[in-house]
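The values are calculated or read from the model by the stated rules, or taken from the named source; none is laboratory data. From a predicted model like this one, the values you see are computed outputs, not experimental measurements. Reconstructed Cβ throughout: ideal geometry from the backbone, glycine too, with neighbour counts over all protein chains shown. Only protein heavy atoms, including side chains, enter the accessible area calculation; ligands, DNA and RNA are left aside. Shrake-Rupley method; radii C 1.70, N 1.55, O 1.52, S 1.80 Å.
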Amino acid sequence: MENTKTKKDVYAIVTDRIINLLEKGTVPWRQPWTEAGQPCNLYSGKFYKGINIMLLASLGYAKNYFLTEKQIQELGATIKEKEKPHIVVFWNWQPNGKAEEGESETTQAKQNTRPLLRYYRVFNVSQCEGIPKDMIPAINRPNNPIEACEETIKGMPNPPVIRNDHNQAYYDRIEDIINIPEIGKFESSEAYYNTLYHETVHATGHEYRLNRPEVAQSTSFGTPAYSKEELTAEIAACFLCSITGIAEKVEKNSVAYIENWLKVLKNDRKFIIYAVPHQTAIK
């Protein structure tokens, strides 16, 4: 295992990675589509744990199987040109001074070691060539459409196009297109519709519909207008989940969104009235 950075450096690497995701508008601990599966080492079959789940799952690969460079070589495969590795962190117990006389071996082992955070590098299977296809398991989740939710989406007047082209959920106001991963890629059917509702509410703000300034005009992540639109979509999605009877099965505890709610509501006492959907373009 590679062990080339100090404890402080590893913390900085992990923190910078999370900050970078947040600045791009990605909340790494809130991604309900899980078709890619829990990050796993393809060679050993062992699942990654702790913060490594977040670090690897947020990379956006179609399948979350990873290998070290040595493992790739042992499989007779190669790394594609210009592909960069990703880090996996672990605790490494190091000696911490000399043992005291009269201590048992067990006591010495506990008291005379200290944990240091280290990391090694891995590559996703899609970054490699020559890995036997039968080694990579297929991932499938049998989620089924929910009739009440389907009727709600179909009842939207002048709806945008909904596509499943990418493993990301977003609304493109320029093209007036919603992209969402297929229902089978989510942890549940309810999570799929909650995400679809969120993006569909964004679409109601298009200039050809409700002409909400936060959507009709270009906004950047982190701006007051962006926060308002995110909260509008979140609140409306909550209403739709309640109406269609799936609210209890949808987890909505994102720290990032809660912090945004508090910030916006404290600065604008009228916002909650503005954000709550009175008459939306979704029936």
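Structure data summary
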{"read-out": "Test for residue 132: is it open to solvent by 30 Å² or more (accessible area, probe 1.4 Å), closer than 20 Å to residue 62 by Cβ and in contact (Cβ under 8 Å) with a residue 40 or more places away in the chain", "value": "yes"}
{"read-out": "Any chance residue 231 is open to solvent by less than 20 Å² (accessible area, probe 1.4 Å), modelled with pLDDT under 85, more than 30 Å from residue 62 (Cβ to Cβ) and part of a helix (DSSP H, G or I)", "value": "yes"}
{"read-out": "When residues of segment 42-63 are limited to those that are modelled with pLDDT of 90 or more and of a type outside the set (S, T, N, Q), the one least open to solvent (accessible area, probe 1.4 Å)", "value": "42"}
{"read-out": "Residue that is nearest to residue 67 (Cα to Cα) [pool: residues in segment 136-191 that are open to solvent by 60 Å² or more (accessible area, probe 1.4 Å), among the hydrophobic types (A, V, I, L, M, F, W, C) and not in a strand (DSSP E or B)]", "value": "138"}
{"read-out": "Within segment 4-16, considering residues that are loosely packed, with under 11 Cβ neighbours inside 10 Å and either under 19 Å from residue 122 (Cβ atoms) or at pLDDT below 50 (or both), the one nearest to the chain's Cα centre (by Cα)", "value": "16"}
